[in-house]
Amino acid sequence: MKYFDKILIANRGEIAIRVMRACREIGIETVAIYSKPDKNALHVKYADEGFCVGDAHPSQSYLNMARICDIAAKSGAEAIHPGYGFLAENSEFADLCEKEGIIFIGPSAETIHAMGSKIGCKRMMREAGVPVLPGTEGGVTCVDDAKEIAAEIGYPVIVKASAGGGGIGMQIVEDEAGLEEAIDKGMRIAESAFGDATIFIEKYLQKPRHIEFQILADADGRTVHLYDRECSIQRRHQKLVEEAPCPIMTPQLRERMADSAVTVAKTAGYANAGTVEFLYANGEYYFMEMNTRLQVEHTITEFITGIDLVKQQIAIAAGEPLAFGQEDISIRGHAIECRINAEDPLNNFTADPGKIVRYRSPGGPGIRVDSGIHMGYTIPAHYDSMISKLCAWGSNRQEAIERMRRAIYEYVILGVRTTLPLHHAIMNNRHFVAGDTHTHFLQEEHIVKS
Ligand code: ADP
């Protein structure tokens, strides 16, 4: 069943191609949008049709809601897939699509809006009985009250933007002397980055693991989880390596966490694909936030469950009931993803856009490459530096690591600096091999400086 005749993909790079691949398999025509510098990008070549959406700056192109809806109408696309980033978690855009009679492939505008507030979402989930980290009940309005709460929960604490994302504005505060300044700075950053100065404070966990659950829910509220992913290998609170399932998961912990994840989705009235993120430390887990979109790392869940998440998203958006229940979903083997960014690991990971003069991608058993680049392609400086996702599957974790090492060895990208050497170091680190990681792993192992 193909559900729609034509879908517009409001994104670029690897994720636009990923969505188009699902469409091609089920016979749906695809419409690409592109900014001026992306005229010859791979996602435009892959699509059945392409329309220029505007200038390089995202506000003129991939974030230009009215223009994107116009192109959807002009091309006859019935639905829009937003990918991740750009408009994927923009409730205004989901709302606009609905008003224009275009199906937004994702949850409802109301759900996106509600989950977009970390404070509101945390409060809602605490009331539903899901464990959350102790902290301020709502936004910080008064420094003295904040000091009182921080003293109660104990330092260190973390200051976070309620509307935040991408790790922006998060600050760790070691003692009371630093709190006022962190609050002021947090508010300033939150206002300029997200247009909302609301910040909150919660207990800072020293060496937690980031563990998340993939959710699928249909329009009638049937909700299943597709197991866990471990995403603790991060730099500046941004994920670099993910694996599925989480290497330290036990059946008991999985049952508790999965139960909480499904509760989160049901409490949110969630429909479509989403991710429930937790922090885990000392045997306890805490709900952090729900991401109302397809994640970068959805690929490894596809590897271990055999379920195509993009096809599921399309079916759910078309109003189809989930074709399987929880008992039909099981884990097979182990999968790892390495994010390949055009960044210079030796120069504080500054973006290194430019022309790819030599390119050869890996292959063979258990390897999946999702990329938006090719030989001779010039990576524009205007967008995200992630150029490729390298994923490896193995019948167990050891085999997945061995295949990833072999694929890193095979992968040739010349002309720009990439994170490939960093992934080589991670895959050969004995603590990583033992599954012994946490969110400060890269710094502690001196793989990165900050
Ligand atoms: P964002 O939405 O900006 O990406 P998240 O709330 O998802 O921020 O957190 C991103 C990362 O920041 C987490 O994976 C974790 O490494 C770190 N982090 C966030 N909150 C805490 C906390 N309370 N204690 C320790 N680390 C945290």
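Some observations on this one:
- Residue pairs meeting the criteria (Cβ under 6 Å; at least 6 apart or on separate chains; first more than 13 Å from Lys118 (Cα to Cα), in region 161-172; second part of a strand (DSSP E or B) and near the ligand (Cβ under 6 Å from one of its atoms)): Ile172/Ile158
- Residue list for region 149-168, filter: assigned to a loop (DSSP other than H, G, I, E, B) and near the ligand (Cβ under 8 Å from one of its atoms): Gly164, Gly165, Gly166, Gly167, Ile168
- Flag for Glu212 being touching a strand residue (DSSP E or B) at 6+ places or on another chain (Cβ under 7 Å), within 14 Å of the ligand (Cβ to nearest atom) and charged (D, E, K, R): yes
- Taking region 246-279 as the range and being among the aromatic types (Phe, Trp, Tyr) and away from the ligand (no atom under 16 Å from the Cβ) as the test, only Tyr270 passes.
- When Met375 is tested against (1) assigned to a loop (DSSP other than H, G, I, E, B); (2) closer than 30 Å to Gln60 by Cβ; (3) in contact (Cβ under 8 Å) with a residue 24 or more places away in the chain, exactly one condition is not met: (3).
- Screening Glu402 with (1) in contact with a strand residue (DSSP E or B) (Cβ under 8 Å, 6 or more places away or on another chain); (2) in contact (Cβ under 8 Å) with a residue 12 or more places away in the chain gives one miss only, at (2).
- Whichever residue in region 137-146 is within 16 Å of the ligand (Cβ to nearest atom) and of a type in the set (Gly, Ala, Ser) and, among such residues, is surrounded by the fewest Cβ atoms within 10 Å (Cβ to Cβ): Gly139
- Of everything in region 169-180 that is of a type in the set (Asp, Glu) and loosely packed, with under 14 Cβ neighbours inside 10 Å, the residue that is nearest to the ligand (Cβ to nearest atom) is Glu174.
- Of residues in region 280-300 being in contact with a Ser or Thr (Cβ under 8 Å, 6 or more places away or on another chain) and either more than 15 Å from Val19 (Cα to Cα) or of a type in the set (Val, Ile, Thr) (or both), the one nearest to the ligand (Cβ to nearest atom): Asn291
- Residue within region 126-136 that is hydroxyl-bearing (Ser, Thr, Tyr), on the phi < 0 side of the Ramachandran plot and surrounded by 19 or more Cβ atoms within 10 Å (Cβ to Cβ) present: yes
- In region 327-349, of all residues being out of contact with any Ser or Thr (no Cβ under 9 Å at 6 or more places or on another chain) and not in a loop (DSSP other than H, G, I, E, B), the one that is surrounded by the fewest Cβ atoms within 10 Å (Cβ to Cβ) corresponds to Glu327.
- Scoring Phe194 on the criteria (1) in contact (Cβ under 8 Å) with a residue 60 or more places away in the chain; (2) surrounded by 16 or more Cβ atoms within 10 Å (Cβ to Cβ) leaves a single failure, condition (1).
- Qualifying residue in region 92-111 (condition: within 16 Å of the ligand (Cβ to nearest atom) and small (Gly, Ala, Ser)): no
- Of the helices (runs of 4 or more DSSP H) lying entirely inside region 390-450, those containing at least 3 residues that are buried (at least 18 other Cβ atoms within 10 Å of the Cβ) and away from the ligand (no atom under 16 Å from the Cβ) are 397-410, 420-427.
- If you check Gln295, Gln313 for being part of a helix (DSSP H, G or I) and of a type outside the set (A, V, I, L, M), only one passes: Gln313.
- Candidates Ala72, Ala109: the one that is touching an Asp or Glu at 6+ places or on another chain (Cβ under 9 Å) and crowded, with 23+ Cβ neighbours inside 10 Å is Ala72.
Throughout, read-outs are computed from the coordinates displayed, never taken from laboratory work. Everything quoted here is computed from the prediction, not taken from an experiment. Here the Cβ is made from the backbone with ideal geometry for all residues, glycine too, and neighbour counts use every protein chain on show.
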